[in-house]
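Visitor: Just passing along the structure, written as structure tokens.
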Amino acid sequence: MTGYVASKYLISRDHAGEQSWGAIVHLNNTSSHLNVREEPSTDAKIIGKLNHGDGVRAYADSDCPLSWTKIKF
């Protein structure tokens, strides 16, 4: 499934110029979760939840605001 998450909660290696890359969810409160949204907005429908340490595939999306990342989970 594909969705969007706030970029600040993903850790990844340098991926400049790549169309997709692996990333890990990093939450300050490891007992909380990260909402995955249908669109890159906090007003968008929540379509999933990720936990601290979960791995995802991130994708370059020129239509996505810089503070959001398109992912496959």
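Since every read-out is calculated from the coordinates, none of them should be taken as a lab result. What you see is a predicted model, and the numbers here were worked out from it, not measured in a lab. Cβ atoms come from the backbone with ideal geometry, glycine included; neighbour counts cover every protein chain shown.
Visitor: Taking neighbour counts of Cβ atoms within 10 Å as a proxy for exposure, in what order, fewest first, do SER31, SER62 appear?
Guide: Ordered from fewest to most neighbouring Cβ atoms within 10 Å, SER31, SER62 come out as SER62, SER31.
Visitor: Neighbour counts of other C-beta atoms within 10 Å: give me ARG37, ARG13 arranged from fewest to most.
Guide: Arranged by neighbour count, lowest to highest, ARG37, ARG13 become ARG13, ARG37.
Visitor: May I pose another question? From the phi of every residue in segment 53-67, what ³J(HN,Hα) in whole Hz does the Karplus formula 6.51 cos²θ - 1.76 cosθ + 1.60 yield, where θ is phi - 60° and glycine or proline is x?
Guide: 3J(HN,Hα) across segment 53-67, in whole Hz: x, 5, x, 9, 9, 9, 10, 5, 8, 5, 8, 8, x, 4, 7.
Visitor: Let me ask something additional. Give the label of the value calculated from the structure for Rg/Rh (Cα atoms, Kirkwood Rh), choosing from [x] 1.52; [y] 1.05; [z] 0.93.
Guide: [z]
Visitor: Provide the gained length on full extension for the span ASP63 to GLU18, in nm with one decimal, where the gain is 0.36 nm per separating residue minus the Cα-Cα distance.
Guide: Extra length from ASP63 to GLU18 when fully extended: 14.6 nm.
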